[in-house]
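**Student:** Here's a structure for you.
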Amino acid sequence: MGDFPENCWYVAAWSNEIDDISVLDRTILGHRLALFRISTGEIVAFRNRCPHRSVPLSCGIRENDNLRCGYHGMLFDPQGQCLEIPGQDLIPPTARATTYPAIDRAGWVWVWPGDPKLMDETLIPDINPLGDPSFQMRTGYLHYAADARLIHDNLLDFSHLQFVHRNTFGGGADWSCKPDMSRRDKGFRFERWFPDIPPPPIFRSAFPENARMDLLNIYEFDAPGILTVRTAMQPAGEAPRKAIAIDDALGNFSAQAVTPETANTAHYFFSIGLPRSEPEASLEQLLGGTLAAFKEDRTIIEAQQELLLKEPDEPIARTALEADAAINQMRGILRQMARSERNAQSNRPSGATPN
Amino acid sequence: MGDFPENCWYVAAWSNEIDDISVLDRTILGHRLALFRISTGEIVAFRNRCPHRSVPLSCGIRENDNLRCGYHGMLFDPQGQCLEIPGQDLIPPTARATTYPAIDRAGWVWVWPGDPKLMDETLIPDINPLGDPSFQMRTGYLHYAADARLIHDNLLDFSHLQFVHRNTFGGGADWSCKPDMSRRDKGFRFERWFPDIPPPPIFRSAFPENARMDLLNIYEFDAPGILTVRTAMQPAGEAPRKAIAIDDALGNFSAQAVTPETANTAHYFFSIGLPRSEPEASLEQLLGGTLAAFKEDRTIIEAQQELLLKEPDEPIARTALEADAAINQMRGILRQMARSERNAQSNRPSGATPN
Amino acid sequence: MGDFPENCWYVAAWSNEIDDISVLDRTILGHRLALFRISTGEIVAFRNRCPHRSVPLSCGIRENDNLRCGYHGMLFDPQGQCLEIPGQDLIPPTARATTYPAIDRAGWVWVWPGDPKLMDETLIPDINPLGDPSFQMRTGYLHYAADARLIHDNLLDFSHLQFVHRNTFGGGADWSCKPDMSRRDKGFRFERWFPDIPPPPIFRSAFPENARMDLLNIYEFDAPGILTVRTAMQPAGEAPRKAIAIDDALGNFSAQAVTPETANTAHYFFSIGLPRSEPEASLEQLLGGTLAAFKEDRTIIEAQQELLLKEPDEPIARTALEADAAINQMRGILRQMARSERNAQSNRPSGATPN
């Protein structure tokens, strides 16, 4: 996973995937994790491999806040310290479960797969209106048999909307035009203004026939794969552009996270919602249409990944288009972050190397 | 696929696999193709990989005679030239789909996977009585999880008939005898004359009990894997050998093509038919028996392939039999053709190298 | 399979798997075998690969005591000598099927995968009360997607009983204590004495509520993976330890064999039984509980193997426990046996090398 930084937060699970009894087996960036929740409500993330004989700790049994390996019964506390070895009095210092920093923030479970000493809770992205009382939000998940960066590519070039999503999001030719794009610290902000367009297919039934609207779309995507989308719509020509108050009267909002699982597979976590003032039926329509569209993306991207794996000696692109700018820059940002980490690690005195 | 020549014609599909709406995804000799038919009836064979982001073009959408990539919408004409890039005015010269020569000839779709500059339509083998009005022909297909050369081996040594096909073709011990074999330009002609034998099991019901017949079999097999079989039968002893007029009163006829898909998988296209004068019921019996027999071959050959892959360090043969002569020569012919191509290519001035 | 000796006997099948008509396809230590039974009742083990074109001989056809290859019909006698080549008079000396020594002993089919010249029938382990008239024995089998040594590990450290088998064998904490362990020629003998314990869950219904018993367990495990278990129980405190006559009034008996199939898969053959004096219902209870427990082992061990394969650069153990002593010694015994074989082979004059 050398093309992804490790010293940052990744979404590893939805909070409600981690219950009070089971241990969740989840891999991110090639790190296989055993995730469970303790009595404080906090999440514990162990490396999913017992230090004794390499049995997955997710095969183990919860005992209060501790986890007992399901094979020979070593008992570990939430810090990974071994508390008991059945049949043996002495607990050797090597009898430790490896742990990862993990934080449950407003429904998203974030894990820091890199050096725990560098962990910084303030770096968790703020994408959390899951708990915002003015919003009705829903969460979804898709597993991808594809390199996470192919999903980034998709999310950074909306010229695919009119072809991949013609029956769902149904973007017209406008979506192929260059958006207002600006760099952020580790990503991009895109702003799109589409005056006087028909409503997207998934919303069409909510509008009068031949309705026209103005649409404002604000899209932010940051490494290592976190994004938000804000979309506001109003009847065409009713007000000047500035009058679409994207924060107050949000049409819809989505926050999403793409997390590499292995080099060729990924997790895609997405939330989407509408203001509470909107009827439940509109939300259902939005959710159904969004899931259908996201599956359209997955079909294309998994076909692309399969071809890349079958013909590995070919470059991914034989021709470069203008719309690839953000794609290429994002790959550069990730590579640069990963390289900086490796340099910092090799410059560190060896005594301080985390194990 | 270094053991197969590329500068020759291979059967890639049956004509009726390629319709007016879809794009067929088909791999031959490791080349993944996107096949479609344009308004003239001609077949277009693209490399099934968009030059932009490596998405299979078979995921695309037909627009008249052009093909639009299903991801970002690049539009290619039948010559592979890009006509349109959504959101971008300039079309760079690298924005081309790679094309292969492809020709639909009497129901067989032939593709030339090698250098298009060397393509020669006159080299298409003439195996086409599919359209012969005096014949009722049918077509069939089997996919093989096996190296195409193992299928060649099977087709070049009929001593297997009495063991593999004892309940279908049911060849007796005669089929293990050496046939009259003569070399052709890129293959072999075998002639077999079996006087006074019982009819094959699949035909037995059409004959009186204890019937005996004389059978003449002419079999031609040419690199890279094209063959025809002509079989004529008449009541035993009714006429001298020469009187079986194999071209006029053909008992049955089969044309077949074995095309490598990958190094360890293959396509097996076969046609088979009888003179129109024969009743439909005889044709049904022939087809059913032939398919059953071809599946008997496949069972053995796939078991052989599986073993060869599991024990790759062993030679395929620890003992050589006389019946292997044609098998070994055909492998030599293919190797020689492939080697000549590589030599010709490396002697060519680099400016003329096809891309 | 460099970590296992080849010049010794392995269980390849249960006798009743090899019938009078079929040919059994079975792999042990990476050797693919074709096993069949001849009219004397003896077992023949061929290498499952025809010397002609590498078709599995298990696709062949039995002809009395001989085996005919299913492809081109070469006929081999039980010694592997070719008797007939259809269509050819001369039988070349290379036309031989490779054979392995194989012996059916009281229901267990033993095969010697190494040098046939070194085969010694007296080395077959005596684990055979399958035929003992005083016992009612049953046989079982599990296929493992795991290295055989991981199964050995499990069988050599009973501290897992109280965790893996808490609802079946249900070993209490006592099973984690160090047993009386003594070395044998190629393995170990363990003796365990548990006075005043509740009966195991799978037997509990046969005893009065709150019953207590004394249990004696004698366990012998020898390379390359053969073991017997004798267990005797009597009401607690009824007699001193010596009075449990383990050979006369055996509570239950099990003989088992672990045979590597490939480097990462294995066969697990097990027999288990009770004295004939015990009611049939007790045997059924024992069999059901044993199979359930063995599947509990397999679940853990296959999860362990999967993890080891996914993370191959990690050592299996980051911490060593006292209970690992027998595990590590057994791996050493196997390695030493394999190394001795290789040394003996390389010191042998080349003319004497077996082929």
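The values are calculated or read from the model by the stated rules, or taken from the named source; none is laboratory data. If you're wondering where the values come from, they're calculated on a predicted model, not measured in any experiment. With ideal geometry, Cβ positions are generated from the backbone for all residues, glycine too; neighbour counts draw on all protein chains shown. Side chains included, ligands, DNA and RNA excluded: accessible areas come from the protein's heavy atoms. Shrake-Rupley method; radii C 1.70, N 1.55, O 1.52, S 1.80 Å.
Conditions tested, residue by residue: (1) within 26 Å of residue B:178 (Cβ to Cβ); (2) in contact with a strand residue (DSSP E or B) (Cβ under 8 Å, 6 or more places away or on another chain).
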{"site": "B:204", "(1), (2)": "no, no"}
{"site": "B:208", "(1), (2)": "no, no"}
{"site": "B:227", "(1), (2)": "yes, yes"}
{"site": "B:230", "(1), (2)": "yes, yes"}
{"site": "B:253", "(1), (2)": "yes, yes"}
{"site": "B:261", "(1), (2)": "no, yes"}
{"site": "B:274", "(1), (2)": "no, yes"}
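**Student:** Let me ask something else. Is it the case, given these coordinates, that residue C:334 is aliphatic (A, V, I, L, M), in contact with a Leu (Cβ under 9 Å, 6 or more places away or on another chain), away from chain A (no Cβ under 11 Å) and within 22 Å of residue C:265 (Cβ to Cβ)?
**Tutor:** No: the conditions fail for residue C:334.
**Student:** So how many residues does the stretch C:156-172 have that are surrounded by fewer than 21 Cβ atoms within 10 Å (Cβ to Cβ) and within 11 Å of chain A (Cβ to nearest Cβ)?
**Tutor:** Residues in the stretch C:156-172 being surrounded by fewer than 21 Cβ atoms within 10 Å (Cβ to Cβ) and within 11 Å of chain A (Cβ to nearest Cβ): 3 in total.
**Student:** Restricted to the stretch A:45-56, and to residues that are within 8 Å of chain C (Cβ to nearest Cβ) and not small (Gly, Ala, Ser), which residue is nearest to the chain's Cα centre (by Cα)?
**Tutor:** Among those residues, the one meeting the criterion is A:48.
**Student:** Let me ask you something else. Pick from C:147, C:126, C:180: which is more than 11 Å from every other protein chain (Cβ to nearest Cβ), more than 25 Å from residue C:322 (Cα to Cα) and out of contact with any Leu (no Cβ under 7 Å at 6 or more places or on another chain)?
**Tutor:** Result: C:126 is the single residue among C:147, C:126, C:180 that is more than 11 Å from every other protein chain (Cβ to nearest Cβ), more than 25 Å from residue C:322 (Cα to Cα) and out of contact with any Leu (no Cβ under 7 Å at 6 or more places or on another chain).
**Student:** Then there's this: Here is a list: A:102, A:106. Which entry is of a type outside the set (S, T, N, Q) and more than 19 Å from residue A:6 (Cβ to Cβ)?
**Tutor:** The unique qualifying residue is A:106.
**Student:** Confirm whether residue B:280 is open to solvent by 50 Å² or more (accessible area, probe 1.4 Å), in the same structural domain as residue B:202 (by TED's automatic domain parsing) and out of contact with any Gly (no Cβ under 6 Å at 6 or more places or on another chain).
**Tutor:** Yes.
**Student:** Restricting attention to the stretch B:91-122, which residues are under 15 Å from the mean Cα position of the chain (by Cα) and not in a strand (DSSP E or B)?
**Tutor:** B:106, B:107, B:112, B:113
**Student:** So is residue A:162 of a type in the set (S, T, N, Q), at pLDDT below 95, touching a Gly at 6+ places or on another chain (Cβ under 6 Å) and assigned to a strand (DSSP E or B) or not?
**Tutor:** For residue A:162, the condition - of a type in the set (S, T, N, Q), at pLDDT below 95, touching a Gly at 6+ places or on another chain (Cβ under 6 Å) and assigned to a strand (DSSP E or B) - is not met.
**Student:** Got at least one residue in the stretch C:31-44 being within 19 Å of residue C:146 (Cβ to Cβ), part of a loop (DSSP other than H, G, I, E, B) and not acidic (Asp, Glu)?
**Tutor:** No, the stretch C:31-44 has no match at all.
Quick grid of which residues meet (1) under 21 Å from the mean Cα position of the chain (by Cα); (2) surrounded by 24 or more Cβ atoms within 10 Å (Cβ to Cβ); (3) over 26 Å from residue B:334 (Cβ atoms); (4) more than 9 Å from chain A (Cβ to nearest Cβ):
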| residue | (1), (2), (3), (4) |
| --- | --- |
| B:3 | yes, no, no, yes |
| B:9 | yes, yes, no, yes |
| B:22 | no, no, yes, yes |
| B:30 | yes, no, no, no |
| B:41 | no, no, yes, yes |
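**Student:** Which residues, taken from the stretch C:123-140, are under 30 Å from residue C:281 (Cα atoms) and in a loop (DSSP other than H, G, I, E, B)?
**Tutor:** C:126, C:127, C:128, C:132, C:133, C:134
**Student:** Now a separate question. Scan the stretch B:200-212 and report the pairs whose first residue is open to solvent by 100 Å² or more (accessible area, probe 1.4 Å) and whose second residue is hydrophobic (A, V, I, L, M, F, W, C), with Cβ atoms within less than 9 Å and a gap of 6+ or a chain change.
**Tutor:** B:204/B:211; B:212/B:197; B:212/B:236
**Student:** Which residues, counting only those in the stretch B:138-182, are farther than 17 Å from residue B:292 by Cβ, free of Cβ contacts under 8 Å to residues at least 40 places away in the same chain and out of contact with any helix residue (DSSP H, G or I) (no Cβ under 8 Å at 6 or more places or on another chain)?
**Tutor:** B:174, B:177, B:180, B:182, listed by residue number.
**Student:** Please enumerate the residues belonging to the stretch A:173-195 that are open to solvent by 60 Å² or more (accessible area, probe 1.4 Å) and of a type in the set (Asp, Glu).
**Tutor:** Residues satisfying the conditions are A:174, A:180, A:185.
Yes/no per residue for (1) surrounded by fewer than 17 Cβ atoms within 10 Å (Cβ to Cβ); (2) within 16 Å of residue C:54 (Cβ to Cβ):
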{"position": "B:272", "(1), (2)": "no, no"}
{"position": "B:276", "(1), (2)": "yes, no"}
{"position": "B:285", "(1), (2)": "no, no"}
{"position": "B:295", "(1), (2)": "yes, no"}
{"position": "B:300", "(1), (2)": "no, yes"}
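**Student:** Please enumerate the residues belonging to the stretch A:74-95 that are open to solvent by 50 Å² or more (accessible area, probe 1.4 Å) and touching a Leu at 6+ places or on another chain (Cβ under 9 Å).
**Tutor:** A:83, A:84, A:91, listed by residue number.
**Student:** For the stretch A:96-116: of the residues being small (Gly, Ala, Ser) and either touching a Phe, Trp or Tyr at 6+ places or on another chain (Cβ under 8 Å) or open to solvent by less than 10 Å² (accessible area, probe 1.4 Å) (or both), which is farthest from residue A:29 (Cα to Cα)?
**Tutor:** Looking at the filtered set, the residue picked out is A:107.
**Student:** Condition test on residue B:150, is it part of a helix (DSSP H, G or I), at pLDDT 95 or above, open to solvent by less than 20 Å² (accessible area, probe 1.4 Å) and under 30 Å from residue B:46 (Cα atoms)?
**Tutor:** yes
**Student:** For the stretch C:67-89: of the residues being in a loop (DSSP other than H, G, I, E, B) and at pLDDT below 95, which is nearest to residue C:42 (Cα to Cα)?
**Tutor:** C:86
**Student:** Looking at this structure, is residue A:319 among the hydroxyl-bearing types (Ser, Thr, Tyr) and part of a helix (DSSP H, G or I)?
**Tutor:** So residue A:319 does not fit the description; no.
**Student:** With A:59, A:69, A:82 as the choices, which residue is touching a Cys at 6+ places or on another chain (Cβ under 6 Å), within 14 Å of chain C (Cβ to nearest Cβ) and closer than 29 Å to residue C:325 by Cα?
**Tutor:** Going through A:59, A:69, A:82 in turn, just one is touching a Cys at 6+ places or on another chain (Cβ under 6 Å), within 14 Å of chain C (Cβ to nearest Cβ) and closer than 29 Å to residue C:325 by Cα: A:69.
**Student:** Among the residues of the stretch C:269-278, how many are of a type in the set (Gly, Ala, Ser) and part of a strand (DSSP E or B)?
**Tutor:** 2
**Student:** Here is a follow-up. Take the conditions more than 30 Å from residue C:17 (Cα to Cα), of a type in the set (Ser, Thr, Tyr), touching a Ser or Thr at 6+ places or on another chain (Cβ under 7 Å) and modelled with pLDDT under 95 and apply them to residue C:205. Does it pass?
**Tutor:** Spelling it out, it is not the case that residue C:205 is more than 30 Å from residue C:17 (Cα to Cα), of a type in the set (Ser, Thr, Tyr), touching a Ser or Thr at 6+ places or on another chain (Cβ under 7 Å) and modelled with pLDDT under 95.
**Student:** Something else: Would you be able to tell me the number of residues in the stretch B:252-305 that are touching a residue at least 60 places away in the same chain (Cβ under 8 Å) and within 13 Å of another protein chain (Cβ to nearest Cβ)?
**Tutor:** Final tally of qualifying residues: 12.
**Student:** When the stretch C:317-355 is examined, which residues are found to be at pLDDT 90 or above, among the basic types (Lys, Arg), open to solvent by less than 70 Å² (accessible area, probe 1.4 Å) and outside the structural domain of residue C:175 (by TED's automatic domain parsing)?
**Tutor:** Within the stretch C:317-355, no residue meets the criteria.
**Student:** Moving on. Among the listed residues B:266, B:293, B:281, B:344, which satisfies the condition of being of a type in the set (Gly, Ala, Ser) and part of a strand (DSSP E or B)?
**Tutor:** Just one listed residue meets the conditions, B:266.
**Student:** Which ones in the stretch C:44-73 are surrounded by fewer than 24 Cβ atoms within 10 Å (Cβ to Cβ) and among the β-branched types (Val, Ile, Thr)?
**Tutor:** C:61
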